[in-house]
Amino acid sequence: MPSDNKSPVQPVAEPLSIHELGAVLVRHYGIHEGLYNVLVEFQIGVGPVGPKESLTPGAMIGVSKIGLMASTEAGPATVDASEVNPKKGSRKKSVK
């Protein structure tokens, strides 16, 4: 009998930590200074859930948006934009 060796779906790469995601967003938005935390906006839906014979009140929670929020204090997941996306120094042309 032939074996069916289908592997489960794998992520494209190692998932990002919240801090790493914050660094990606800082670079995406072109921010070069300040402290930022990842902002996650949730959407909540409520209603009856379950089999038709025994519906019960329930709720579903989903992530609707992800972004950045400025911070005044550094925390465990805070990203310093000057470290992860420093401004590129301007080069002065030497006069000959």
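The values are calculated or read from the model by the stated rules, or taken from the named source; none is laboratory data. Since the model is a prediction, treat every value here as computed from it, not as a measurement. Every residue, glycine among them, receives a Cβ derived from its backbone with ideal geometry; neighbour counts consider all protein chains shown.
Summary table
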{"quantity": "Residue within region 1-16 that is without any contact (Cβ under 8 Å) to a residue 40 or more places away in the chain, under 13 Å from the mean Cα position of the chain (by Cα) and loosely packed, with under 10 Cβ neighbours inside 10 Å present", "calculated": "yes"}
{"quantity": "Test: residue in region 41-62 that is of a type in the set (D, E, K, R) and closer than 24 Å to Lys87 by Cα", "calculated": "no"}
{"quantity": "Count of residues meeting criterion [of a type in the set (Gly, Ala, Ser) and either under 22 Å from Lys87 (Cβ atoms) or in a helix (DSSP H, G or I) (or both)] in region 5-38", "calculated": "4"}
{"quantity": "Selection within region 29-72 - of a type outside the set (Ser, Thr, Tyr) and out of contact with any strand residue (DSSP E or B) (no Cβ under 9 Å at 6 or more places or on another chain)", "calculated": "Gly30, His32, Pro51, Lys52, Glu53"}
{"quantity": "Which numbered condition Tyr36 misses (of (1) under 16 Å from the mean Cα position of the chain (by Cα); (2) of a type in the set (Ser, Thr, Tyr); (3) modelled with pLDDT under 95)", "calculated": "(3)"}
{"quantity": "Residue satisfying all of: in region 73-93; surrounded by 10 or more Cβ atoms within 10 Å (Cβ to Cβ) and hydroxyl-bearing (Ser, Thr, Tyr); farthest from the chain's Cα centre (by Cα) among these", "calculated": "Ser82"}
{"quantity": "Residues satisfying the stated conditions in region 45-73, i.e. hydroxyl-bearing (Ser, Thr, Tyr), closer than 23 Å to Ile18 by Cβ and assigned to a strand (DSSP E or B)", "calculated": "Ser64, Ser71"}
{"quantity": "Filter pass, Glu41 being in a loop (DSSP other than H, G, I, E, B), without any contact (Cβ under 8 Å) to a residue 40 or more places away in the chain and under 19 Å from the mean Cα position of the chain (by Cα)", "calculated": "no"}
{"quantity": "Condition met for Val49 (surrounded by 11 or more Cβ atoms within 10 Å (Cβ to Cβ) and without any contact (Cβ under 8 Å) to a residue 12 or more places away in the chain)", "calculated": "yes"}
{"quantity": "Residue match in region 84-96 (condition: in a loop (DSSP other than H, G, I, E, B), in contact with a helix residue (DSSP H, G or I) (Cβ under 6 Å, 6 or more places away or on another chain) and not basic (Lys, Arg))", "calculated": "yes"}
{"quantity": "Total residues in region 73-96, condition of a type in the set (Ser, Thr, Tyr) and at pLDDT 95 or above", "calculated": "2"}
{"quantity": "Test: residue in region 62-72 that is among the β-branched types (Val, Ile, Thr) and exposed (fewer than 11 other Cβ atoms within 10 Å of the Cβ)", "calculated": "yes"}
